[in-house]
1. One residue is enough: does the range 142-156 have a residue meeting the conditions surrounded by fewer than 22 Cβ atoms within 10 Å (Cβ to Cβ) and aliphatic (A, V, I, L, M)?
2. Being among the acidic types (Asp, Glu), in a helix (DSSP H, G or I) and without any contact (Cβ under 8 Å) to a residue 12 or more places away in the chain is true for just one of Glu119, Glu115, Glu130. Which residue is that?
3. It is to be established whether one or more residues within the range 65-77 are modelled with pLDDT of 75 or more, outside any loop (DSSP other than H, G, I, E, B), closer than 24 Å to Ala201 by Cβ and more than 19 Å from the chain's Cα centre (by Cα).
4. Would you mind finding the one in Ala190, Ala237, Ala212 that is assigned to a helix (DSSP H, G or I), under 17 Å from Gly96 (Cα atoms) and in contact (Cβ under 8 Å) with a residue 60 or more places away in the chain?
5. Report, by residue number, each residue of the range 215-228 that is among the aliphatic types (A, V, I, L, M) and in a loop (DSSP other than H, G, I, E, B).
6. Restricting the search to the range 160-187, which residues are among the hydroxyl-bearing types (Ser, Thr, Tyr) and either more than 25 Å from Asp49 (Cα to Cα) or part of a loop (DSSP other than H, G, I, E, B) (or both)?
7. Quick check: anything in the range 84-91 among the hydrophobic types (A, V, I, L, M, F, W, C), modelled with pLDDT of 90 or more and outside any helix (DSSP H, G or I)?
Amino acid sequence: MTAPVRLTTYARGGGCACKIPPGELEAMVAGLGPAAGAADLLVGLDHGDDAAVVRWDAATGVVATADFFTPVVDDAYDWGRIAAANALSDVYAMGGDPLIALNLLCWPRGVLPVELAREVLRGGRDVAREAGCHLAGGHSVDDDGPKYGLAVTGVVRPAELITLDAGRAGLPLSLTKPLGVGVLNARHKATGEVFAEAVAAMTTLNRDAARAAVAAGVRCGTDVTGFGLLGHASKLARASGLTVAIDVTRVPYLAGAREAVRDGHVSGGTRRNLEWVAPWTDVGGVGEEELLLLADAQTSGGLLVAGELPGAPVVGELLPAGGHRVVLR
């Protein structure tokens, strides 16, 4: 009998924790502005928003994004579902709806069986189908390690765009999914333990949260992925020229997340996130374990939006610009 394949052992990092660190990424793309004649580019590189948006006509904007990563779980089908939900989230985070997606697959031929790759693709297909998004073809590469994701195109009404730079002082901040998938995925990779609640969170589409945000008139927000809550909150604060205040007692976590941190299951990406935000974060009396959870590199995390949404906890607020971009209370 063939032993089950542990996909996470083929990954240097896991999911969005394998992103290039935010400081390095910003330096890499600095000065790479849009080409000439880009007057209809509504959202580009300026603030590091979740997707690019170009105006199609007065009533329609086209949203484009791509996202792929190494395995976060050992189950190939679940990994495909998680990667697809994560890529689609970039469109939802802008207030849009995905229309069509293409598979992006890197696969070590001769090392991992093609049947596993098929399961990954099946997982992506099923989540795209749930989203009402066409998934048609894509591109594959024979690579040293497995990677999977989607390139997604969607639509948005320009008047309903959700961006990082549209915050206003006094608005509450709501978070639509609990944190902790990063440390739980790290524990899963190290021990093989399966965390069903984490898989359920990562495979839940941000579609309903995005629609609720648009209906509530939300115009500022982002999704919480590889840079952690602190990293994404910092980017929002900087783009809007405001201070983000986070009430750490209100931030929700998945069951087992605190125990995973205490047992040392913290990715290098999470530690790099915390190091990056440290210069402009007032941590107050918050301890290291809590800071690591707040900086935890999420995969297919929830939305962080400036406004109140039904069922989503308010975890902070936007304040006028001050000495710190992020303040923990």
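1. yes
2. Glu115
3. Checked the range 65-77: at least one residue is modelled with pLDDT of 75 or more, outside any loop (DSSP other than H, G, I, E, B), closer than 24 Å to Ala201 by Cβ and more than 19 Å from the chain's Cα centre (by Cα).
4. After applying the criteria, what remains is Ala212.
5. Correct list: Ala216, Val218, Val224.
6. Thr176
7. no
Let's see how each residue does on (1) over 17 Å from Ser234 (Cα atoms); (2) not in a helix (DSSP H, G or I):
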| site | (1), (2) |
| --- | --- |
| Leu274 | no, no |
| Pro279 | no, no |
| Glu289 | yes, no |
| Leu292 | no, no |
| Asp296 | no, yes |
| Thr299 | yes, yes |
| Val305 | no, yes |
| Glu308 | yes, yes |
| Ala312 | yes, yes |
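The values are calculated or read from the model by the stated rules, or taken from the named source; none is laboratory data. Here the structure is a predicted model, which means the values were calculated and not measured. Cβ sites come from the backbone with ideal geometry, for glycine too, and all protein chains shown count toward neighbours.
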